[in-house]
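Notes follow once the structure below has been shown.
The values are calculated or read from the model by the stated rules, or taken from the named source; none is laboratory data. What you are looking at is a predicted structure, and each value in this text was computed from that prediction instead of being measured. Cβ coordinates were reconstructed from backbone atoms using ideal geometry, including for glycine residues, and neighbour counts include every protein chain displayed. Surface areas here come from the heavy atoms of the whole protein model, side chains and all, with no ligands, DNA or RNA. Shrake-Rupley method; radii C 1.70, N 1.55, O 1.52, S 1.80 Å.
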Amino acid sequence: MKAIVAADKNWAIGKGNDLLVKIPMDQKFFRQETSGHVVVMGRKTLESFPGGMPLKNRTNIVLTRRQDYDGKGALVVHSLEELLEELKKYPEDEIYVVGGGQIYELLLPYCNLIHVTKINFAYEADTYFPNLDQLPEWEVTASSEEQTYFDLEFEFLQYERKA
């Protein structure tokens, strides 16, 4: 399983159920990486998408405790056990965890590769991704050149779980 996330220099990923910043190159990378694959998210992440609708060209799976939740076309599961059982139907390398904070934290132990768009700025935030630089089992295995969007500097990093 993989995860994909955009995080600031403090590993912040969101505020008020929205992204901290929208960077077109990051959004394009997200679309290219996840299109045609399975995306796993929490209810609030689905609700943050345009119209609260599932992402096109992907199998959307939403994990929520709300038993009566209508995922508007997304597959809805209600426990980690139910999610892991559902994910057995798909190749492991085609599954992407896409948020939010609680879902990333819950599924991090099941991930072996994480794509991080690392933004060189500190935002005011209320949601964070685990700091992979402080977790000894993770290492950066690929990085892009530094990119710029207006005055914002960022890079694409790939972290892999050490064998």
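Computed values, structure above
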read-out: Looking only at the range 1-28, and only at residues there that are open to solvent by 50 Å² or more (accessible area, probe 1.4 Å) and in a helix (DSSP H, G or I), the one that is nearest to G101 (Cα to Cα); value: Q27
read-out: The range 29-55 - residue that is in a loop (DSSP other than H, G, I, E, B) and aliphatic (A, V, I, L, M) and, of those, least open to solvent (accessible area, probe 1.4 Å); value: L55
read-out: Entirely in the range 81-149, the strands (runs of 3 or more DSSP E) that have 3 or more residues that are open to solvent by less than 90 Å² (accessible area, probe 1.4 Å), without any contact (Cβ under 8 Å) to a residue 40 or more places away in the chain and touching a strand residue (DSSP E or B) at 6+ places or on another chain (Cβ under 6 Å); value: 138-143
read-out: Odd one out for R65, checked against (1) surrounded by 13 or more Cβ atoms within 10 Å (Cβ to Cβ); (2) at negative phi; value: (1)
read-out: Sole residue being in contact with a Gly (Cβ under 9 Å, 6 or more places away or on another chain) and of a type in the set (F, W, Y), chosen from F150, F129; value: F129
